[in-house]
Amino acid sequence: MKTVLTTVRLPEKIMKALDEKAREEGLDRTTILRKLLEESIKRWKIEKAANMYKQGKISLSKAAKIAELPVDETMEELARRGIKSDLTLEEYKESLATALKLFEVKEYPTKRNHEPKN
């Protein structure tokens, strides 16, 4: 992954919290800051996708793309948030199985083998 150098001014309180978290996890400050930012951005993308889907602005597959999750995990996330999908998990699996046969794909996409594309 290509990285870009940036400088940011943070309140002392945040720096102390970063240092504490870094010590707890045995990581340096830069690594823990990058990790926390990545986790925050991931949560933001999921939140954004869930809100847009709830408002009817996007489809389930578009929500999955925005959230960078497989459709089944997106459905689970929406369900955890109390957002109902028009498509049941079983209907999704059936349509996916048909698509996999059509395109002769041998492996069902799962959490283990799903890698978001940047």
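3J(HN,Hα) along the range 74-89, derived from phi through the Karplus expression 6.51 cos²θ - 1.76 cosθ + 1.60 where θ = phi - 60°, amounts to 5, 4, 5, 5, 4, 5, 4, 8, x, 9, 7, 9, 6, 10, 7, 4 Hz, with x in place of Gly and Pro.
Bridging of Lys13 to lysines at a Cα separation below 18 Å is possible for Lys21, once same-chain residues fewer than 8 apart are set aside. Once both labels are positioned 7 Å from their Cα atoms along Cα-to-Cβ, the gap between Lys54 and Glu94 label points is 2.9 nm. Working from the Cα coordinates of the chain, the gyration tensor eigenvalues give, after taking √(5λ), semi-axes of 35, 18, 13 Å in decreasing order.
Each Lys and Arg Cβ is given +1 and each Asp and Glu Cβ -1; about its Cα centre, the range 12-102 then shows a dipole of about 380 debye.
Could you work out the relative contact order of the chain, using alpha carbon pairs under 8 angstrom and six or more residues apart, expressed as a whole percent? The partial results should precede the final answer.
Values: 62 pairs, mean separation 18.3, N = 118.
Relative contact order here is 16 percent.
Read-outs throughout are calculated quantities, based only on the coordinates presented, and are distinct from any laboratory measurement. Since this is a predicted model, take the numbers as computed values, not measurements. No Cβ is skipped: glycine too gets one built from the backbone with ideal geometry, and neighbour counts run over all protein chains shown.
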